[in-house]
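Visitor: Quick one: this structure, given as structure tokens, is what I'll be asking you about.
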Amino acid sequence: MKPNFLLDISLALALAAVPWGVGAQTPAGASALAGQTESTPASAAAKTHTFTLSNGMTLWVKPDRRAPTAVHMVWLRVGSMDEVDGTSGVAHVLEHMLFKGTPTLAAGEFSRRVAALGGRENAFTSKDYTGYYQQIPSSQLEAVMRLESDRFANNQWPDAEFAKELEVVKEERRLRTDDNPRAQLYEMLSATALAASPYRRPIVGWMSDLQAMTAQDARDFYRKWYSPANAVVVVAGDVEPLQVKALAEKYYGAIPARPVADRKPQQEPAQQGLRRFEFKAPAEQSYVALAFKVPRLASMQVTPDHEDALALTVLSAVLDGYSGARLERALTQGEQRLADSVGAHNGLMGRGPQFFYLEGVPAKGQPPEALEAALRAQIQRVADEGVTDAELKRVKTQWVASEIYKLDSVFNQARELGVAWTLGLPPDHGEQLIARLRQITPVQVQAVAKKYFGDDKLTVAILRPQPLSGQPRPRRAAVGARH
């Protein structure tokens, strides 16, 4: 369940929870845009062009002309954290329904048309955002803009289509959560560790809420949050920024402006003591997860909390950032090993509260309590003894390498920009983040190890295996699932 280090760094840089140039002639009127103002990052390495359309919608464009392809994305600053109790899962259900038609497109026609253009497409929902994308030949950018803007503004479907897709989502929950003991444990971990934050609810929704959900719930959520001012269009690839601006104004700028719905604060109260629960489920091995509340990186401003969030990310890398890192060496090797596997992960960024996770599978014959104590002892060792310059140099070298590798993908470039916008970060946040992470010192890492790992910020979850009985119940294929 816990991301490995490379995914951790990817999340630190792009925070993408994804289940994975204009080649046409200059549009009419594009020359008139030449005198319009655009915001271009000062750094030569940051080549993103930013615009605001006439209706308040944002457009970010990043040219990359290595191949005649483009990635077109629409991101909305709305996710499961914007739901209310009783309708958990509606953001994800609505994401499915965006593929079910408009006044001019039948259900499923959107995907068929993108495929006919030589493209691929999908969508995703997280706690913080919802996103839709197409990867196409750059010459087909206008065609997908026409399609995407239509469903953004005119999504509609009959109740019968909603009822059918809702069953797909329920089956998705059964397959991914209800039949997966560790997924269930993490679902309950969020619900136990958090009291007021909407992060306590699962993205897919509680089954009871899905059972009670109506088509009107999804329509109301759509009307509330799918407004131009709450969205960004991201285009990366073989494109000309001003041509993309003209196309975006033509198709997205024509959508009527609406104010963004008010968001009421849902602050998590301070935890005042250790929380612990046991989860019993049919499984072959026990499992231990420790979640410590930690500060998040909410902007690129330099503050004590933000610096601590970065140092915690470095700490997670020292513990579990590469083959043979501290946790693996100490707990999974030798005849007296305590664990079959172990890991560490720091959340770093998001719109809601973040956690530093320690987790592991106890070795045969080892009680989960022994592994829990050993994981905490490794943090205490850092608090007492610190970390070496060599350890930090190693993980920082990996960060730079992962950044270079990430930029090889136009899709990842677009994804990073979309996540940045939804979190209120600048287009060049990845470059800034790398620069700041590289400045983290051993003293800072030791300091956060001392500061954030006491009982008062901790929730412990233990999976107690129950006997496996019979064969798994048969499953129908989740026909129509978007992921």
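The values are calculated or read from the model by the stated rules, or taken from the named source; none is laboratory data. Quick caveat, the model's predicted, so the values are computed rather than measured. With ideal geometry, Cβ positions are generated from the backbone for all residues, glycine too; neighbour counts draw on all protein chains shown. Protein only, heavy atoms only, side chains kept; ligands, DNA and RNA dropped before computing areas. Shrake-Rupley method; radii C 1.70, N 1.55, O 1.52, S 1.80 Å.
Visitor: Over region 153-261, give the accessible area per residue in Å² for a 1.4 Å probe, as an integer.
Guide: Heavy-atom accessible area per residue stands at 37 Å².
Visitor: Follow-up. Below 12 angstrom from the Cβ of residue 454, what's the summed charge of the other residues (Lys, Arg +1; Asp, Glu -1)?
Guide: Taking every other residue near residue 454 into account, the sum is +3.
Visitor: When only Cα pairs under 8 Å and 6 or more residues apart are kept, what is the percent relative contact order across region 252-358?
Guide: Reported as a whole number, the value is 28 percent.
Visitor: If you take every residue apart from residue 236 with its C-beta less than 12 Å away from the C-beta of residue 236, what net charge results, scoring Lys and Arg +1 and Asp and Glu -1?
Guide: +2
Visitor: Okay, next question. Under 37 °C and 0.692 mPa s, how fast does the chain diffuse according to Stokes-Einstein, given a Kirkwood radius computed over C-alpha pairs? Answer in µm²/s, whole number. It would help to have the intermediate numbers written out before the result.
Guide: Values: Rh = 23.9 Å.
D, rounded to a whole number, is 138 µm²/s.
Visitor: Per-residue counts of other Cβ atoms within 10 Å, averaged by peptide: what ranking do you get for 195-205, 389-399, highest first?
Guide: 195-205, 389-399
Visitor: Same structure again: Step through the table entries 264/396; 127/457; 364/393; 393/451, compare each Cα-Cα distance with 30 Å, and write down the pairs that go over it.
Guide: Where the Cα-Cα span goes over 30 Å, the pairs concerned are 264/396; 364/393.
Visitor: If you don't mind, there's one more thing I want to ask. Can you show me the helix-derived [θ] at 222 nm for the chain, built from DSSP H runs with n ≥ 4 at -39,500 (n - 2.57) apiece and divided by the number of residues, rounded to the nearest 500.
Guide: After summing the helix terms and dividing by residue count, I get -12000 deg cm²/dmol.
Visitor: Keeping all protein chains in place, calculate the accessible area per residue for region 325-387 (probe 1.4 angstrom), answer in Å².
Guide: Per-residue accessible area for region 325-387 comes out at 40 Å².
Visitor: Would you kindly find the accessible area of residue 84, with a 1.4 Å probe and non-protein molecules such as ligands, DNA and RNA excluded, rounding to the nearest 10 Å²?
Guide: Rounded to the nearest 10, that gives 90 Å².
Visitor: Rounded to the nearest percent, how much of the accessible area of the chain (1.4 Å probe, protein heavy atoms only) is carbon and sulfur?
Guide: Heavy-atom surface of the chain belonging to carbon and sulfur, 1.4 Å probe: 52 percent.
Visitor: State the Cα centre-to-centre distance between region 400-453 and region 287-357 in whole Å.
Guide: Computed from Cα coordinates, the inter-centre distance equals 15 Å.
Visitor: Got the relative contact order for region 83-147 handy, in percent, Cα pairs under 8 Å and 6 or more residues apart?
Guide: Working: 58 pairs, mean separation 15.4, N = 65.
Answer for region 83-147 is 24 percent.
Visitor: I've got another one for you. Among DSSP beta bridges whose residues both lie in the chain, state the antiparallel percentage, nearest 5.
Guide: That works out to approximately 75 percent antiparallel.
Visitor: Expressed as a rounded percentage, what relative contact order does region 201-323 have, with Cα pairs under 8 Å and six or more residues apart? Please report the intermediate quantities before stating the final value.
Guide: Values: 34 pairs, mean separation 21.4, N = 123.
That works out to 17 percent.
Visitor: Also, quick follow-up: If you consider only alpha-carbon coordinates, what radius of gyration and Dmax does region 147-223 have, in Å?
Guide: Cα only, region 147-223: 15.0, 42 Å (Rg, Dmax).
Visitor: A further question follows. For residue 245, give me every one of the lysines with a C-alpha distance below 21 angstrom, ignoring sequence neighbours fewer than eight places off in its own chain.
Guide: Once the sequence-local lysines are set aside, what remains near residue 245 is 47, 62.
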